[in-house]
1. Once the Cα atoms of the range 6-147 are picked out, what are the Rg and Dmax in Å?
2. Over the range 64-203, calculate the relative contact order: mean separation of alpha carbon pairs under 8 Å at least 6 apart, over the residue count, as a percent.
3. Ordering 144, 82, 193 by accessible area with a probe of 1.4 Å, largest first, what comes out?
4. Quick one: the Cα spread of the range 64-203 along its three principal axes, in angstroms, biggest first?
5. Before anything else, pin down the relative contact order of the range 115-167: Cα pairs under 8 Å, at least 6 apart, normalised by residue count, whole percent.
6. Give the residues of the range 1-40 whose amide nitrogen is closer than 19 Å to a point set 7 Å from the Cα of residue 196 in the direction of its Cβ.
7. Considering only DSSP beta bridges with both partners in the chain, what is the antiparallel share in %, to the nearest 5?
Amino acid sequence: MDTNPRAYERSRMVELQIRSRGISNPRILAAMRDIPRHLFIPPPYNTSAYEDAPLPIGNGQTISQPYIVALMTELLDPRPGDRVLEIGAGSGYQAAILSMLVQHVTTIERIPAVADLARANLAELGFNNVSVIVGDGTQGYPEDAPYDGIMITAATPEIPQPLIDQLADGGRLVAPVGGREIQELITLARKGDSMERSSHGGVRFVPLIGEFGWGNT
Ligand code: SAM
């Protein structure tokens with residue numbers, strides 16, 4: 001019996017799509033080698049789970065390209081004791097990667113049916129340090145704040161102020177910022193009262209729909 005289905009495809013994905021493009025954090029590479037991405041993707045697209053592409057997960061939403069998941073995770077610079085907030089739970093895959101690298105992940109999803117999918121996927125694989133919350137993630141989640149890391153996995157015109165307010169001193173935030181079609185990957189690092197902002201190349205994400213994103217339409 002194959003006790004680790006599709007491990008060879010995952011290992012190839014990590015070597016050819018991720019390590020070869022410059023991601024070097026060994027903990028991130030190990031998490032991406034371990035977590036069965038195909039179990040986060042509904043059929044028929046699960047057959048393509050280890051290809052170099054985003055894929056549909058239903059409700060007009062997507063799971064991000066593996067390289068982009070790895071890049072955003074590396075930019076977040078996750079540490080074992082961190083408490084992290086993700087906006088846009090989607091399939092739950094990015095939250096699963098983060099949960100192997102930090103102490104606790106809170107992930108918010110706007111669409112209840114998508115949140116159910118994330119919850120079911122995470123529960124089936126035994127990830128028990130992730131809370132999936134239904135709501136408008138542009139407002140953050142003050143109940144668990146402040147966060148050492150915040151990752152937005154949907155496209156936003158600007159970084160929502162509530163998320164900046166919920167970032168701990170020394171914390172890092174990663175987000176695709178720009179237009180509805182194409183964005184720039186931005187990092188913010190809080191150092192006391194100041195914020196360091198830097199840019200890491202072009203990306204394409206589905207829009208962040210909410211009060212401090214693209215509005216509620
Ligand atoms: N991180 C996900 C994964 O690992 O599968 C992929 C995220 S998908 C590209 C973007 C997700 O953000 C969608 O599921 C969408 O419904 C969600 N979203 C959009 N606006 C949101 C908001 N204001 N609050 C929470 N989730 C939102």
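1. 14.2, 41
2. Working: 302 pairs, mean separation 27.8, N = 140.
Relative contact order, the range 64-203: 20 percent.
3. Order by accessible area, largest first: 193, 144, 82.
4. 40, 33, 26
5. Relative contact order, the range 115-167: 36 percent.
6. 24-25
7. So the antiparallel bridges in the chain amount to around 50 percent.
The values are calculated or read from the model by the stated rules, or taken from the named source; none is laboratory data. It should be emphasised that the depicted structure is a prediction, and the values quoted were computed from it without experimental measurement. Quick reminder, even Gly has a Cβ in these numbers, built from the backbone with ideal geometry, and neighbours come from all protein chains shown. Note: areas computed on protein heavy atoms with side chains; ligands, DNA, RNA excluded. Shrake-Rupley method; radii C 1.70, N 1.55, O 1.52, S 1.80 Å.
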